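Take a look at the structure set out below.
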Amino acid sequence: TLVFSGNFDNLGILTINSNDVNIVGEKAYLKNTVFNIQSNGVTLKNLSFDLDKSIRDNNGAAIQVNGYDVTLDSLDINYVVPNDVEAYAILSDGLNGYSSENLKIINSNISFEGHNDNVFKYNCLIKLTYANAPIIENNTISSSFPLKKVQYGTNGATLDSDYVYAIGLEQCPDFIIKNNIIGINIDFSILYLDIFLIFITTFLFYYFITFL
């Protein structure tokens, strides 16, 4: 177990390549410092993140996950995205196979303020694709976005059709989302058409869930 204590300012990307790493914070504050998890059995717990810039080499994510049995527990993430860049609070994005399995996002407070007003770039609080059996439980999630147009294709919408959402899942079998408080604020001064609180697509079935 590694214990983080104190301030970690503008360190960029902290990459974890070793399995079974536990990082626990004791009043740990990370300013514009993000994680790229590329291994299995990793736990991040009791860490506070404060971001006001997008780390492009981490796909704009505060935490990027590409591994199995990763647990994100009791995190405090505050992300105020700069204008017109791509950004995510938590990203696990698979291309040619599962990006993660048994990913747990639990007991956390996540605040995300998107500002992709003038461009079609993604501002999404949680994006999971090809993640097997993820669990999102007991979190308080708040988000603010401009209203953006969904880019429907000839076969309808996929997750990539929408540029703003609080939680987006695609090809994530056996997912669990429960006991979360999820809020969203929409900037209606930007006159586009659609926004989704939760956007879930699984195989050929598309679910649009808009509830508080």
Would you mind working out the accessible area per residue for the stretch 27-152, using a 1.4 Å probe, and quoting it in Å²?
-> 36
Full extension between ASP57 and LYS31 adds, at 0.36 nm per residue less the Cα distance, a length in nm of 7.7 nm
For THR140, tell me the accessible area in Å² from a 1.4 Å probe, rounded to the nearest 10.
-> 60
What is the spin-label model distance, in nm, from ALA133 to ILE13 if the labels are put 7 Å beyond Cα along the C-beta direction?
-> 2.9
Would you kindly work out the equivalent ellipsoid of the stretch 10-155 from its C-alpha gyration tensor and give its semi-axes, the square roots of five times the eigenvalues, largest first in whole Å?
-> 23, 19, 14
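The values are calculated or read from the model by the stated rules, or taken from the named source; none is laboratory data. These figures come from a predicted structure and were not determined experimentally. When we count neighbours, we look across all protein chains shown, and the Cβ atoms used for this are built from the backbone with ideal geometry, even at glycine. What goes into the accessible areas is simple: the full protein's heavy atoms, side chains included, and nothing from ligands, DNA or RNA. Shrake-Rupley method; radii C 1.70, N 1.55, O 1.52, S 1.80 Å.
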